[in-house]
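A short write-up of the structure that comes next.
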Amino acid sequence: MKTIAVIVAVTVVALVAFSLAGSFISETTGETASSLSAGNALSYTIAGAVNRPGTYVLKSGAVLQDLIGAADGVTTNADSLAYNVDYVLKAKGTYYIAPVYDNSDTCAVTPIRKANINKASESDLVEIGGFGKAAASSLVNYRATHSFNAIEEIKDVSGIGDATFRAVRDRITLKDAAS
């Protein structure tokens, strides 16, 4: 009798575990399995002001809007000036949707002070914090021949890496608010 009870308990636990695993797998996949072949399925990670941050599998050539859709959309705190929905995702890329308000302040009513990385001066970049004078100068020089279509592209600038990106990602935009 004890053995049967143990077998039933183990079976129930296994069924629950497989059910949860199935839910997790379907949540991390932005496309149905039948619509993706091994050659065109790529994983992308999204974080920040989205409803379900995580890693999603989408077809090659997907744009940021597809990834946002897989993450059940952006939150009401997402800064639409800091991302481009038409941006073509890079394989195994990680993307961040910046907030308008400080996430650590639940009563925030003043938007985060930001600078447009496609237009801001060196001094404006330094003033928002996170950029040193050398990094701001490198960004402005790089921008003379390149425009930024995703905030993550600042990591393409010499002297700007992951640490600087994490320090400034909430304080930069790609465009200005419409006048």
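The values are calculated or read from the model by the stated rules, or taken from the named source; none is laboratory data. The structure presented is a predicted model; accordingly, all values stated were derived computationally and were not measured. No Cβ is skipped: glycine too gets one built from the backbone with ideal geometry, and neighbour counts run over all protein chains shown. Calculation scope for accessible area: heavy atoms of the full protein, side chains included, ligands and nucleic acids excluded. Shrake-Rupley method; radii C 1.70, N 1.55, O 1.52, S 1.80 Å.
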Computed accessible area, Thr173, all protein chains, 1.4 angstrom probe, square angstrom: 10 Å²
Label point distance in nm, Ser43-Ser147, each placed 7 Å from Cα along Cα→Cβ: 3.4 nm
In order through segment 73-79: 3J(HN,Hα) via Karplus (6.51 cos²θ - 1.76 cosθ + 1.60), integer Hz, x for Gly, Pro: x, 8, 7, 5, 8, 6, 8
Distance (nanometres) between label positions extended 7 Å along Cα→Cβ at Ser121 and Asp176: 1.3 nm
Distance between modelled label sites at Ser137 and Ser80, nm, 7 Å Cα→Cβ extension: 3.8 nm
Counted charge near Arg171, where neighbours are those whose Cβ lies closer than 9 Å (Asp, Glu -1; Lys, Arg +1): +2
Sequence ranges 154-166, 86-98, ranked by mean other-Cβ count within 10 angstrom, highest first: 86-98, 154-166
Amide H partners (placed H, <5 Å) of Ala115, local residues excluded: Ile172, Thr173
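Using the 2.2 N^0.38 Å rule of thumb for compact globular proteins, work out how segment 35-157 stacks up: its C-alpha Rg over that value, please.
Relative to the rule-of-thumb radius for its length, segment 35-157 sits at 1.16.
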Within straight-line cross-link reach of Lys119, lysines at Cα separation under 20 Å, skipping those fewer than 8 residues along the same chain: Lys133, Lys155, Lys175
Ordering of 117-123, 139-145 by burial proxy (mean other Cβ atoms within 10 Å per residue, highest first): 117-123, 139-145
Extension gain, Gln65 back to Val109 (0.36 nm per residue minus Cα-Cα distance, nm): 13.1 nm
Neighbourhood net charge (13 Å Cβ-Cβ; Lys/Arg +1, Asp/Glu -1) for Tyr87: -2
